[in-house]
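Peer 1: The structure under discussion is supplied below as structure tokens; questions concerning it will follow.
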Amino acid sequence: MAETTEESDVTAGALTARLPLLAPGAGPRLTAALRGAPRRIAAPPVTDRAVWDAVDRPTRDALLRRAADEHTRPAPVLRASDWARTFRDGVRTAYEDQARALRLRTTLFVLAAVLTGESAAATAPQGDTPNLDAAVDGLIALCEATTWCWAPHDGHTAARGEVLPDPDQPYLDLGAAEVATLLAWADHALGPHLDQRAPGVRRRLRREVDLRVLTPFTTRRDWPWIGIDRPADNWNPWIHSAVTAAALLLCEEEPERAATLVRLTAEGLDRFLATVPDDGGIDEGVAYWWHGAGRLLETLDLLAAVGGPGLDARDLPVLRRLARFPHRMHLGGARYVNTGDAAARLPGTLPWQVLHRWGRALEEPAVRDHAAARGRAEIPAAHPEAGLGSALTALADPHWRAARARQAPGGRSWLTAGEWLPRTQVLLARERPGTTAGLTVAAKAGHNAERHNHLDVGSYWIALDGAPLVIDLGQPTYTADSFGPHRYRAWPLISAWHNLPAPGGEGQLPGPDRAARRVRAELTAEGAEFHADLTAAYRDGLIGELTRTIRLVRTAPRPHINVTDRWSHAGGPVLLRHILTGEVTLGGAGEATVRTAGGRALRIGWDPRDAEAALDHRELTDPLLRGSWGDRLTRLTLTVRGTGTATVRFERAH
């Protein structure tokens with residue numbers, strides 16, 4: 001295959017052009033179509049007991065137990081001093097973790113109030129409606145917060161040279177989007193019972209969403225995340241999804257305003273679609289797929305539900321390719337190819353029903369089956385961590401409930417022999433299709449200015465029986481420096497902690513021109529091959545040429561993976577790094593073994609005449625990295641002197 005680069009085949013305005021109700025002159029028809037929009041939402045209000053009483057008992061019990069446990073804990077407190085820490089010592093999690101906990105607590109109580117159907121008059125004694133009252137407390141606590149914005153994002157505060165937010169200058173970011181979405185869905189789901197139990201609370205919810213989200217969205221049209229002066233990233237669908245939900249759920253008495261908001265969000269989503277490569281890949285990895293493409297799919301579901309065919313763009317070809325991306329990157333269980341900041345282990349709280357719904361609608365069995373299999377791995381059919389709207393939609397979806405209740409199919413339709421995304425430049429190949437058993441290899445090319453980028457052009461992953469052993473660390477805990485000029489001071493992001501060569505001990509450099517060249521991949525019945533020229537990813541003049549070839553060989557006598565690096569004019573020894581998880585031991589000359597607690601063992605071999613081997617260990621203190629990899633990682637470094645080629649072989653240890 002010829003060299004490829006990230007490229008979209010989505011023409012400008014493809015989404016809006018697909019929707020008749022957004023055509024020029026269709027404004028009155030769009031306004032009319034949005035009248036009564038909340039009544040057509042798939043998740044109905046709490047008063048529709050036929051839907052909510054049909055929720056399966058295990059899910060209902062699990063959510064109500066969590067709510068009961070949450071009642072025993074004090075509510076999270078949002079402190080000004082914690083918010084200011086971003087500017088004082090770079091710590092952003094002190095505030096953001098509390099804000100997330102408050103949103104989660106409130107979401108949980110809303111779900112519990114919906115499931116139980118609690119209702120009482122405003123004057124009824126305290127204690128008659130514990131979940132409903134707790135939900136109101138959480139909603140009002142969010143309304144009372146000075147800001148919904150996360151401190152590192154608040155450009156207004158930074159411009160003033162202050163360390164505290166100004167409520168008169170709300171900044172529309174991901175944090176504001178999250179709260180607005182929660183308030184909009186809570187108003188929709190509990191509306192009749194809120195009117196009865198806490199008259200006035202819905203007016204307050206709408207006021208705050210208007211002041212902090214809807215008005216800033218319409219009055220300022222140069223928000224960086226819209227994608228006017230730079231390519232749109234996952235902020236675009238993340239925030240546009242919140243605005244769309246608020247417009248449809250909170251503006252039923254202002255259909256003209258709802259129509260204006262929907263038109264603007266569709267135009268904004270068009271800019272995100274224009275950045276999607278024509279292979280449907282997301283360079284941020286599967287974990288970030290959910291916050292970008294996943295939010296887009298949920299938003300399009302919502303528009304189609306309320307507007308019918310006139311707002312249904314789900315047949316746009318790129319959406320089919322986007323929906324395929326998660327299962328194409330599946331290693332096994334909760335493990336996925338984790339490029340950039342994506343976590344290696346996906347949490348068990350994702351809204352898999354979104355992909356299941358799209359797999360059904362698009363008649364994509366692999367999309368549907370993968371989503372159903374991942375959903376069956378969790379007891380509840382919905383998780384508050386996925387967001388209130390996602391959770392309500394999952395609970396109300398009879399197809400999703402039925403899919404989770406059915407016996408898992410014997411085959412795994414999504415585990416193909418190999419996947420090659422030529423624009424995203426990511427390869428995945430398996431020893432045996434249809435199963436995670438045996439060896440799986442993944443490799444990436446790309447460039448060092450990708451979204452959530454690590455310095456990792458040419459790095460690779462190797463899994464055995466679905467468990468990654470040659471790994472990418474993924475996202476560490478974010479700080480104020482994570483997206484600034486000091487980003488690559490974080491050690492998990494530099495190439496020395498990826499599976500890469502280091503000519504003369506030097507690592508790769510950031511920048512869009514620090515890219516792989518002459519990238520090609522081939523998938524055959526016998527195996528797979530990936531080739532890339534990595535020279536440009538390093539300092540100019542550091543090395544004459546550096547190429548990497550990765551081959552999976554399926555045939556007898558023993559399936560294996562070879563990684564071959566070739567170079568010229570290195571000007572010093574070339575270090576070959578391997579980041580490993582498990583118990584690593586150096587054996588005889590030219591051999592190391594990686595063993596896991598589950599008994600898997602991977603043999604790593606090389607010619608001892610070419611290289612000297614050394615191990616060093618890294619204790620993990622970051623909570624996100626520990627959650628993925630445990631307490632410690634090992635780095636195997638092969639130091640190659642003199643020669644211009646080296647091959648490392650990976651196979652199951654017997």
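The values are calculated or read from the model by the stated rules, or taken from the named source; none is laboratory data. Keep in mind that this is a model prediction, so the values were computed, not measured. All Cβ positions, even for glycine, are placed from backbone atoms using ideal geometry, and neighbour counts span all protein chains on display.
Peer 1: Considering every residue within the range 166-182, establish whether at least one is under 23 Å from residue 65 (Cα atoms), at pLDDT 95 or above and surrounded by 16 or more Cβ atoms within 10 Å (Cβ to Cβ). Before the answer, list the steps.
Peer 2: Filtering the range 166-182 down to residues under 23 Å from residue 65 (Cα atoms) leaves 182.
This time we only want the ones that are at pLDDT 95 or above, so: 182.
From what's left, surrounded by 16 or more Cβ atoms within 10 Å (Cβ to Cβ): 182.
Yes - at least one qualifying residue is present in the range 166-182.
Peer 1: Now for a separate question. From 134, 94, 112, grab the single residue that is over 20 Å from residue 192 (Cβ atoms) and not aromatic (Phe, Trp, Tyr). Quick ask: steps written out before the conclusion?
Peer 2: Numbers: 134 fails: over 20 Å from residue 192 (Cβ atoms); 112 fails: over 20 Å from residue 192 (Cβ atoms).
Answer to the check: 94.
Peer 1: Could you count how many residues in the range 92-150 are crowded, with 23+ Cβ neighbours inside 10 Å and on the phi > 0 side of the Ramachandran plot?
Peer 2: Count: 0.
Peer 1: Just to be sure I understand the filter: pairs with C-beta atoms under 8 Å, separated by 6 or more residues or on different chains, first member in the range 557-585 and without any contact (Cβ under 8 Å) to a residue 60 or more places away in the chain and over 12 Å from residue 460 (Cβ atoms), second member in a strand (DSSP E or B) and polar (S, T, N, Q). Which pairs pass?
Peer 2: Filtered contacts from the range 557-585: 584/593; 584/634; 585/593.
Peer 1: Let me ask something additional. Quick one: which helices (runs of 4 or more DSSP H) sit completely within the range 32-89 and have at least 2 residues that are out of contact with any Pro (no Cβ under 7 Å at 6 or more places or on another chain) and basic (Lys, Arg)?
Peer 2: Output list reads 57-71, 80-88.
Peer 1: Would you be able to tell me the number of residues in the range 182-227 that are of a type outside the set (A, V, I, L, M), part of a helix (DSSP H, G or I) and over 29 Å from residue 126 (Cβ atoms)? Break it down stepwise before answering.
Peer 2: Within the range 182-227, the subset of a type outside the set (A, V, I, L, M) is 185, 187-188, 191-193, 195-197, 199-200, 202-204, 206-208, 210, 212, 215-225, 227.
Still in the running and part of a helix (DSSP H, G or I): 185, 187-188, 191-193, 195-197, 202-204, 206-208, 210, 212, 215-219, 224-225.
Within this subset, residues satisfying the condition of being over 29 Å from residue 126 (Cβ atoms) are 210, 212, 215-219, 224-225.
Selection size over the range 182-227: 9.
Peer 1: Still on this structure, I have one more. Looking only at strands (runs of 3 or more DSSP E) that fall completely inside the range 543-634, which ones have 2 or more residues that are out of contact with any Cys (no Cβ under 6 Å at 6 or more places or on another chain) and over 17 Å from residue 469 (Cβ atoms)? Steps first, please.
Peer 2: Working: elements: 545-553, 560-568, 574-580, 583-586, 591-595, 601-605, 611-619.
In the range 543-634, the matching strands (runs of 3 or more DSSP E) lie at 545-553, 560-568, 574-580, 611-619.
Peer 1: Just checking, does the range 501-514 include any residue being surrounded by 13 or more Cβ atoms within 10 Å (Cβ to Cβ), of a type in the set (A, V, I, L, M, F, W, C), modelled with pLDDT of 95 or more and touching an Asp or Glu at 6+ places or on another chain (Cβ under 7 Å)?
Peer 2: Taking the range 501-514 as the starting set, the residues that turn out to be surrounded by 13 or more Cβ atoms within 10 Å (Cβ to Cβ) are 501-504, 506-511, 514.
Next, from what is left, pick out any that are of a type in the set (A, V, I, L, M, F, W, C): 502, 509.
Imposing the further condition that a residue be modelled with pLDDT of 95 or more reduces the set to 502, 509.
If we keep only those that are touching an Asp or Glu at 6+ places or on another chain (Cβ under 7 Å) as well, we get none.
No; the residues of the range 501-514 include none that is surrounded by 13 or more Cβ atoms within 10 Å (Cβ to Cβ), of a type in the set (A, V, I, L, M, F, W, C), modelled with pLDDT of 95 or more and touching an Asp or Glu at 6+ places or on another chain (Cβ under 7 Å).
Peer 1: Quick check on my filter: what residues within the range 123-158 are among the aliphatic types (A, V, I, L, M), at pLDDT 95 or above and within 22 Å of residue 217 (Cα to Cα)?
Peer 2: At the first step, the residues of the range 123-158 found to be among the aliphatic types (A, V, I, L, M) are 124, 132, 134-136, 139-142, 145, 151, 158.
Of the ones still in play, those that are also at pLDDT 95 or above are 124, 132, 134-136, 139-142, 145, 151.
Within the range 123-158, 139, 142, 145, 151 meet the criteria.
Peer 1: Still on this structure, I have one more. Residues that are within 16 Å of the chain's Cα centre (by Cα) and either in contact (Cβ under 8 Å) with a residue 40 or more places away in the chain or closer than 30 Å to residue 453 by Cα (or both): list the helices (runs of 4 or more DSSP H) wholly contained in the range 325-399 that include at least 3 such residues.
Peer 2: Values: elements: 352-362, 365-376, 388-396.
By residue number, 352-362.
Peer 1: If I go through the range 309-324 residue by residue, how many of them are assigned to a loop (DSSP other than H, G, I, E, B), surrounded by 17 or more Cβ atoms within 10 Å (Cβ to Cβ) and not hydrophobic (A, V, I, L, M, F, W, C)?
Peer 2: 2
Peer 1: Could you tell me whether residue 473 is within 19 Å of the chain's Cα centre (by Cα), farther than 20 Å from residue 564 by Cβ, in a loop (DSSP other than H, G, I, E, B) and modelled with pLDDT of 95 or more? So that I can check it myself, show each step before the final result.
Peer 2: On the way: within 19 Å of the chain's Cα centre (by Cα): yes; farther than 20 Å from residue 564 by Cβ: yes; in a loop (DSSP other than H, G, I, E, B): yes; modelled with pLDDT of 95 or more: yes.
Criteria met by residue 473.
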